[in-house]
Amino acid sequence: APRNNAGEQTSDECLAHALDYVKAIRKIPIVVNDRRGFYTSRVFSTYTEEGMALLREGVNPALIENAGKMCGMPVGPLQVSDEVSLELMYKVRKQEQVDEGARFRPSIGFEVLRHMVEDLGRLGRKAEKGFYDYAGGRRLWSGLRETYPLADAQPDVEEIKQRLLTIQAIETARCLQENV
């Protein structure tokens, strides 16, 4: 059986070197179990998924992106989704659907990804079109408002920030509970 919080093949010496390196570059190391959907991917995906959920609810895309940055993130959830690749994120979710079978519950983000990739051919930054357009500079895609119309009432920026942060905190707690 694998040791707590390390991959089965990871030696104590390797782990010690990795921790020393991370501390030397002034980052905070975490040691996680090696599993499908490990800690970073699980928590990161909640940030992007919540951004897509907000978009589908009719929240102004610029408000979503700015709230993400106001949380201390380097970029908003829609931009980082583009940079990772909407197509890749969608393929990962589709594989989860296959792997989980009847247990799979599609999220709002899954449907947004499906629509963007399959229906609209918007694959992300690598294709120069995703939630943003990249030809001639990066700007939010003008078709977002038609695709996901704005709600009449927009939430306060603090509410959006809380949603983006809380969903990550909840997933972090789940990871701790599952000993990831």
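The table that follows gives values for the structure above.
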quantity: Debye-sum result for the chain in log10 I(q)/I(0), which assumes one identical scatterer on each alpha carbon, at q = 0.10, 0.12, 0.20 Å⁻¹; calculated: -0.47, -0.66, -1.36
quantity: Lys23/Glu118 FRET efficiency (R0 41 Å; Cβ-Cβ; nearest 0.05); calculated: 0.40
quantity: Solvent-accessible area per residue for the chain (1.4 angstrom probe, square angstrom); calculated: 59
quantity: Surface accessible to a 1.4 Å probe, Ile28 within the full protein complex, Å²; calculated: 150
quantity: Potential lengthening between Asp99 and Lys69 on full extension [0.36 nm per residue; Cα-Cα distance subtracted]; calculated: 7.4 nm
quantity: Added length on full extension, which subtracts the Cα-Cα distance from 0.36 nm per residue, Gln154 to Leu15; calculated: 45.3 nm
quantity: Where GluC sites (Glu not before Pro) fall in DSSP loop in region 114-180, at most 11 other Cβ within 10 Å; calculated: Glu178
quantity: Sulfur and carbon atoms: percent of accessible area, region 39-119 [1.4 Å]; calculated: 53
quantity: Spin-label model distance (nm) - Leu176 vs Glu146, 7 Å beyond Cα toward Cβ; calculated: 4.7
quantity: Top positive-direction residue, dipole computed over the chain with Cβ charges, set Ala67, Ala16, Ser81; calculated: Ala16
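The values are calculated or read from the model by the stated rules, or taken from the named source; none is laboratory data. Every value quoted in this text rests on a predicted model; they were computed, and no experiment measured them. Cβ atoms come from the backbone with ideal geometry, glycine included; neighbour counts cover every protein chain shown. When the accessible area is computed, the model is the full protein with side chains, heavy atoms only, and any ligands, DNA or RNA have been set aside. Shrake-Rupley method; radii C 1.70, N 1.55, O 1.52, S 1.80 Å.
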